[in-house]
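The values are calculated or read from the model by the stated rules, or taken from the named source; none is laboratory data. Since the model is a prediction, treat every value here as computed from it, not as a measurement. No Cβ is skipped: glycine too gets one built from the backbone with ideal geometry, and neighbour counts run over all protein chains shown. Calculation scope for accessible area: heavy atoms of the full protein, side chains included, ligands and nucleic acids excluded. Shrake-Rupley method; radii C 1.70, N 1.55, O 1.52, S 1.80 Å.
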Amino acid sequence: MGDYNHDGYLDLFCIKKRNTGSKCLEVHILSGKSNYQEWLLQTKTPHPEVDEKTTFLLGDYNLNGKLDLYCIQKRGHPNGKIYLNILKGSSGFTEWIMNVGTCFDSVDDSVDFAIGDFVGDRRPDLYCIKKTQKNYPKVGVVIIKAKDNYQSLLMDTGTILDKSIVDDFFWLTDYVGHGKRVLYVIKRSPKWIGFNVVDGTPEKLFQTYLMETGFPFSSDKNCIFIVAGQKVMVVKKNGNDCTEVHLLWYFSFLFNLWNILHNTNKFLTLKENLFVS
């Protein structure tokens with residue numbers, strides 16, 4: 001999720017991972033200004049189709065104001081490391097910025113990823129969030145440095161968060177009105193979404209809670225969460241002809257259902273081959 005065309009609205013990025021006609025990754029972007037009813041971009045990329053070992057993030061690697069697409073191969077690369085393929089946003093995702101192995105070993109699906117500037121140099125560092133750690137009862141965070149093309153670590157630490165379950169959803173963003181980099185932990189349940197927000201600034205190092213709250217909303221493993229500004233987007237992958245986009249508006253730790261949107265475009269039926277960000 002990001003403002004692709006700089007119109008002040010948050011657009012929805014859908015990355016089709018496989019079963020594409022082009023045999024390549026495809027990027028499809030829905031316009032936030034149209035309430036996600038119109039396309040801004042539909043294009044193939046030079047990246048081949050991928051499986052569940054690859055995940056995706058958005059970040060401005062070359063600091064030109066355009067969101068680039070990070071294709072993160074978690075495991076399976078011959079060098080035994082997490083591997084990054086970054087597609088250039090200013091080219092419409094048709095050109096490479098970088099193809100590089102990182103300094104961090106391959107991981108399984110108990111690790112989530114996020115992009116953020118940890119040290120204040122505006123560079124998109126790569127966060128590896130270890131939901132479970134062997135012989136350690138807390139969630140761990142490893143940050144890989146962007147400035148040297150992801151070849152060294154900025155931090156490897158435990159957090160205040162108890163060891164998580166795989167279904168918990170993690171999102172890194174700026175905290176509204178405070179300018180702090182924070183980590184959201186979103187807990188799914190049939191009747192309730194739980195929100196824990198942890199201070200991720202260099203001074204606090206994920207050791208302090210900023211917020212613990214929740215909202216009455218049914219969610220399960222088919223829900224994807226995106227936090228941006230004062231909005232939490234819930235994308236429900238129904239597996240039928242209608243994908244639901246729910247926007248929750250929050251202010252002063254209170255959540256209200258702000259809008260419910262339905263997109264009936266059959267392409268946007270979210271199955272296992274489509275990633276949303």
ask   = Quick one: Cα centre-to-centre distance for the stretch 92-158 and the stretch 1-33, in angstrom?
value = 23 Å
ask   = With every protein chain left in place, what is the accessible area per residue of the stretch 1-156 in square angstrom, probe 1.4 Å?
value = 42 Å²
note = Expressed as a percent, the accessible surface of the stretch 63-181 that is carbon or sulfur, using a 1.4 Å probe and the full set of protein chains, is 47 percent
query = Taking the simple approach of a point 7 Å from Cα along Cα-to-Cβ for both Ile160 and Gln37, what is their distance in nm?
reply = 4.3 nm
message = What figure, in Å² to the nearest 10, do you get for the accessible area of Trp39 with a 1.4 Å probe and non-protein molecules left out?
response = 70 Å²
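Sequence gap at least 6, Cα distance under 8 Å: using those rules, report the relative contact order of the stretch 1-129 to the nearest whole percent.
Values: 283 pairs, mean separation 19.9, N = 129.
Once normalised by length, the contact order is 15 percent.
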task = Mind giving me the nanometre distance, one decimal, between the label points for Glu52 and Leu153, set 7 Å out from Cα along Cα→Cβ?
result = 2.7 nm
Added length on full extension, which subtracts the Cα-Cα distance from 0.36 nm per residue, Cys24 to Asp109 = 28.3 nm
